[in-house]
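Structure first, then comments.
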C-alpha cells in the first residue's frame, strides 16, 4: 500500500486550524464553536481509524482489478501524473455529484455537510461509512485502465489534502485565473451553503472545470448559510455519523411497498413516497413557480 501521506499531514492540519481560530478571534470573527469543533475532530479521528481497515480492503480489490488492466501506464513519464490527476479528479467529481443525488451515498456524505460553521475544522468532518458502503467504486475503473492501485490511492490522498485549505472564510478570492481552473474557498463555500440557490453546486475536488463543463457551477453571490436544509441537531460524532442511515432504513422499512422502500435508497435526498418532504429539484420548482421574475436554474 502507498505511504499514508494523509496521516502525515494531520499535524499540519491542526497547526493551520489553530492559526485560523486565533486569527478569526483576533479579528472578532467567530466561525468556531467549541462543541462543533470537537465534533468535527471526533469524526476526523474516526475516519482515520476506519480507514486503516477499509483502505487495505480497497487496495486488495484494486490490485485484483489491475491484473486485468487494458494498459500498463508508466509512472516515470510526465504525462502519467497529468492523466492521474485528471482521472482521479473526474472520478471524484462524479462520486461527489452522485452523493448529492442518491440517498444511499448521501447517508455517508451528509456527515461532511453537517456543520453549520465553515472553517478548517469542518474539513476534518469525514464519514465513517463511505468506503464501507462502496464510494471506492467510482475509482475502480482506474486500475482497469492501467493506473497502479498505489498511485490511485496516493492521488486520492493528494486530493483530500488539497481540499483542506478551501474550507475557510479567511480567504475571500484567489486570482481570477486560479478561480477559473481550480476549486477555491469561494467555490467551495457555495457547495456548503444550505441556501436554495447554492444546493448541489460546485462538486469539484481540485479542478472546478468539471462543474463548468457539466453545468453544476455556481458563483458565490453573498455569504452562504452553512449546514443542511434540515440540520441533524447533535454534536455527538456517533449520532452525526449514523443518524441519516438510521432515518433512511426507518423510512424504507415503514414504507407501504417494496418499490417505495427501494426508492428511499435510490432517490435524491428529501424524496418521500407521499410528498411529505421535498428534493432539491422539487423545492426549486416550487420556488420558480412563484418567483417567475427571478428563477433559480
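The values are calculated or read from the model by the stated rules, or taken from the named source; none is laboratory data. Because the structure is a prediction, the values reported are computed rather than measured. Reconstructed Cβ throughout: ideal geometry from the backbone, glycine too, with neighbour counts over all protein chains shown.
Some notes on this structure:
- Restricting region 211-220 to residues that are free of Cβ contacts under 8 Å to residues at least 40 places away in the same chain and closer than 15 Å to residue 188 by Cα, the residue that is surrounded by the most Cβ atoms within 10 Å (Cβ to Cβ): 220
- Of all residues making up region 104-153, the number that are buried (at least 21 other Cβ atoms within 10 Å of the Cβ), farther than 25 Å from residue 225 by Cα and out of contact with any helix residue (DSSP H, G or I) (no Cβ under 7 Å at 6 or more places or on another chain): 0
- Within region 112-163, tally of residues that are more than 20 Å from residue 80 (Cβ to Cβ) and in contact (Cβ under 8 Å) with a residue 40 or more places away in the chain: 24
- Per-region count, region 58-78, residues part of a helix (DSSP H, G or I) and under 17 Å from residue 154 (Cβ atoms): 9
- Annotation note: of 98, 50, the sole residue that is over 17 Å from residue 140 (Cβ atoms), touching a residue at least 40 places away in the same chain (Cβ under 8 Å) and out of contact with any strand residue (DSSP E or B) (no Cβ under 9 Å at 6 or more places or on another chain) is 50.
- Residues in region 30-44 that are surrounded by 12 or more Cβ atoms within 10 Å (Cβ to Cβ) and either more than 18 Å from residue 165 (Cα to Cα) or touching a helix residue (DSSP H, G or I) at 6+ places or on another chain (Cβ under 6 Å) (or both): 31, 32, 33, 36, 37, 38, 39, 40, 42, 43.
- Residue 172 part of a loop (DSSP other than H, G, I, E, B), closer than 18 Å to residue 94 by Cα, out of contact with any strand residue (DSSP E or B) (no Cβ under 8 Å at 6 or more places or on another chain) and free of Cβ contacts under 8 Å to residues at least 40 places away in the same chain: no
- Complete set of residues in region 170-196 that are under 28 Å from residue 284 (Cβ atoms) and over 20 Å from the mean Cα position of the chain (by Cα): 172, 173, 180
- Any hit, region 128-147, residues being closer than 17 Å to residue 101 by Cα, modelled with pLDDT of 95 or more and either assigned to a loop (DSSP other than H, G, I, E, B) or touching a strand residue (DSSP E or B) at 6+ places or on another chain (Cβ under 7 Å) (or both): yes
- Top-ranked residue of region 205-220 - restricted to ones that are in a loop (DSSP other than H, G, I, E, B) and over 17 Å from the mean Cα position of the chain (by Cα), ranked as nearest to residue 195 (Cα to Cα): 220
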